[in-house]
Amino acid sequence: MIKLRSHINSLLKTFNPRVYYQTRSASAAFPYIIYSFLPSFTEEELEVLPLDIDIWDNKTDTTEIEELASQLWKDLRQYHHIDKDMQFVIYRQSRMPELDEAETGLRRRKLTFHIRYFDRTI
């Protein structure tokens, strides 16, 4: 799982250099991406890991955050990886409507994917 998380982190950094797992750094500059894995389940001998991606920004103009969300939604569709330790494919699951935090002035876009993961070391 650590190798998968490391690969996902590197992959997300190709879209934005500010990527955090579960929680952001206190000094994080906007916009940034926070990702996390939800509880997994097994389907047809594969582990399915729901991946939540939250994109945050503090600007009133939402162009940058919308473009970033759209690029992730498009480019992660059926992204696949295989090496000696693991193989996986990413499938789109849901794209939530705008989740802006009015009281804090923050803008958030949420994308959910399913990663169909196979550990090749077992």
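Criterion applied to 78, 71 was being in a loop (DSSP other than H, G, I, E, B) and under 16 Å from residue 92 (Cα atoms), and the one residue passing it is 78. If only one of 40, 27 is modelled with pLDDT under 95 and under 17 Å from residue 119 (Cα atoms), which one is it? Among 40, 27, only 40 is modelled with pLDDT under 95 and under 17 Å from residue 119 (Cα atoms).
Identify the residue in the stretch 1-22 that is among the polar types (S, T, N, Q) and in a helix (DSSP H, G or I) and, among all such residues, is farthest from residue 38 (Cα to Cα). Outline the logic, then answer.
Start the filter on the stretch 1-22 by keeping residues that are among the polar types (S, T, N, Q), which leaves 6, 9-10, 14, 16, 22.
Keeping just the survivors that are in a helix (DSSP H, G or I) gives 6, 9-10.
Details: 6: 16, 9: 16, 10: 19 Å.
Per the criteria, the residue is 10.
In summary, residue 69 fulfils each of the numbered conditions (1) within 22 Å of residue 105 (Cα to Cα); (2) touching a helix residue (DSSP H, G or I) at 6+ places or on another chain (Cβ under 8 Å); (3) crowded, with 17+ Cβ neighbours inside 10 Å with the single exception of condition (2).
Across the stretch 43-68, which residue is modelled with the highest pLDDT among those that are of a type in the set (A, V, I, L, M, F, W, C) and not in a strand (DSSP E or B)? Steps first, please.
Going residue by residue through the stretch 43-68, those that are of a type in the set (A, V, I, L, M, F, W, C) are 46, 48-49, 51, 53, 55-56, 65, 68.
Next cut, not in a strand (DSSP E or B) only: 65, 68.
Numbers: 65: 94, 68: 97.
Selected residue: 68.
Among the candidates 53, 33, single out the residue that is within 16 Å of residue 107 (Cα to Cα) and in contact (Cβ under 8 Å) with a residue 40 or more places away in the chain. Don't jump to the end; show me each part of the working.
On the way: 33 fails: in contact (Cβ under 8 Å) with a residue 40 or more places away in the chain.
Going through 53, 33 in turn, just one is within 16 Å of residue 107 (Cα to Cα) and in contact (Cβ under 8 Å) with a residue 40 or more places away in the chain: 53.
Within the stretch 100-122, being within 16 Å of residue 56 (Cβ to Cβ) and without any contact (Cβ under 8 Å) to a residue 40 or more places away in the chain holds for 100, 101, 102, 103, 104.
The values are calculated or read from the model by the stated rules, or taken from the named source; none is laboratory data. Since this is a predicted model, take the numbers as computed values, not measurements. All Cβ positions, glycine included, derive from the backbone under ideal geometry; neighbour counts span all protein chains shown.
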